Amino acid sequence: IPTGYTNLGETPELKSNYPGAIFYETYEYAAFWTADEVEGEPEMAYYRYLYEKDPYLMIGKGWKNTFGASVRCVRESY
């Protein structure tokens, strides 16, 4: 089930700081953090996402302290 993504900090439309998460695009987007930081921007990291109406796996970048995406742990087999 696509869980969407969250805004964990200040929201432009409300101009206030929320103590909890605000969920967007639930059931339409699935976003997952990668382990890769954005070069030159240590506060940002890349995430991959799927959109229900698009067949492609896309990439975005978000602020680590305010953008909320799911985490999927993948372990290499030994």
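Yes or no, residue by residue, for (1) open to solvent by 80 Å² or more (accessible area, probe 1.4 Å); (2) modelled with pLDDT under 80; (3) in contact with a helix residue (DSSP H, G or I) (Cβ under 8 Å, 6 or more places away or on another chain):
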position	(1), (2), (3)
15	yes, yes, no
30	no, no, no
58	no, no, no
63	yes, no, no
68	no, no, no
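For segment 57-78, what are the residues that are outside any loop (DSSP other than H, G, I, E, B) and of a type outside the set (Lys, Arg)?
Hits for segment 57-78 are 57, 58, 59, 60, 62, 63, 67, 68, 70.
Tell me whether segment 2-11 contains one or more residues that are β-branched (Val, Ile, Thr), modelled with pLDDT of 75 or more and open to solvent by 80 Å² or more (accessible area, probe 1.4 Å).
No; the residues of segment 2-11 include none that is β-branched (Val, Ile, Thr), modelled with pLDDT of 75 or more and open to solvent by 80 Å² or more (accessible area, probe 1.4 Å).
Would you mention how many residues in segment 36-56 are more than 16 Å from residue 24 (Cβ to Cβ) and open to solvent by 100 Å² or more (accessible area, probe 1.4 Å)?
4
The values are calculated or read from the model by the stated rules, or taken from the named source; none is laboratory data. Here the structure is a predicted model, which means the values were calculated and not measured. All Cβ positions, glycine included, derive from the backbone under ideal geometry; neighbour counts span all protein chains shown. When the accessible area is computed, the model is the full protein with side chains, heavy atoms only, and any ligands, DNA or RNA have been set aside. Shrake-Rupley method; radii C 1.70, N 1.55, O 1.52, S 1.80 Å.
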